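The values are calculated or read from the model by the stated rules, or taken from the named source; none is laboratory data. Given the structure is predicted, the values throughout are model-derived calculations rather than measurements. Using ideal geometry, Cβ is built from the backbone for each residue, glycine included, and neighbour counts are taken over all protein chains shown. Please note that ligands, DNA and RNA were not included when accessible areas were found on the heavy atoms of the full protein model with its side chains. Shrake-Rupley method; radii C 1.70, N 1.55, O 1.52, S 1.80 Å.
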Amino acid sequence: EGKQGDAVWSTRAKWTLLGGEIEGKPVTVAILDHPSNTGYPTHWHARGYGLFAANPLGDKQFNEPKEFNFTLAPGKSVTFKYRVLVIDGKAGPEQIEREFRAFSQGS
């Protein structure tokens with residue numbers, strides 16, 4: 001969604017990516033949220049120092065205008081779908097968006 005660095009914290013998006021270097025070589029890690037997930041698009045916990053996680057149930061904590069209520073009945077289950085990409089090299093938004101489209105159209 002065009003956010004970078006600490007500005008990503010608590011924002012909603014269909015994916016997020018983190019770039020860096022390992023032994024002087026570029027690497028990209030991306031997490032993709034699936035449209036079938038409860039709370040889609042998820043809130044992201046991302047900080048410039050490397051914290052990187054999804055929080056699909058965090059509306060109240062992020063001051064959303066309407067609180068999100070999710071209840072899971074005893075003995076029932078729920079599945080959340082995410083794809084984690086580890087890319088050898090520097091990947092940009094266009095590449096991650098293509099990966100997201102392919103992932104979101106799958107099961």
At a 1.4 Å probe radius, carbon and sulfur cover how many percent of the accessible area of segment 1-99? 50 percent
Per DSSP loop assignment and a cutoff of at most 10 other beta carbons within 10 Å, the chain keeps its longest run without exposed GluC sites (Glu not before Pro) at 24-66
For the chain, what does the alpha-carbon gyration tensor say about shape, rounded, prolate or oblate, given a ≥ b ≥ c as the root eigenvalues, a/c under 1.5 as rounded, and a/b over b/c as prolate? prolate
Most mobile of V78, V29, V86 per a Gaussian network model of the chain (Cα springs, under 10 Å)? V78
What does the charge dipole of the chain about its Cα centre add up to, to the nearest 20 debye, if the Cβ of each Lys and Arg holds +1 and the Cβ of each Asp and Glu holds -1? 280 debye
Under the Karplus relation 6.51 cos²θ - 1.76 cosθ + 1.60, θ = phi - 60°, what is the ordered set of whole-Hz ³J(HN,Hα) values for segment 84-89, x standing for Gly and Pro? 10, 10, 10, 10, 6, x
Angle check, please: helix 93-105 long axis (alpha carbons) against the longest principal axis of the chain (alpha carbons), in degrees 0 to 90, nearest 10. 40 degrees
Using a Gaussian network for the chain with springs between C-alpha atoms less than 10 Å apart, which of these wobbles most: P41, P74, P56? P74
Mean separation of Cα contacts under 8 Å (6+ apart) over length of the chain, as relative contact order %: 30 percent
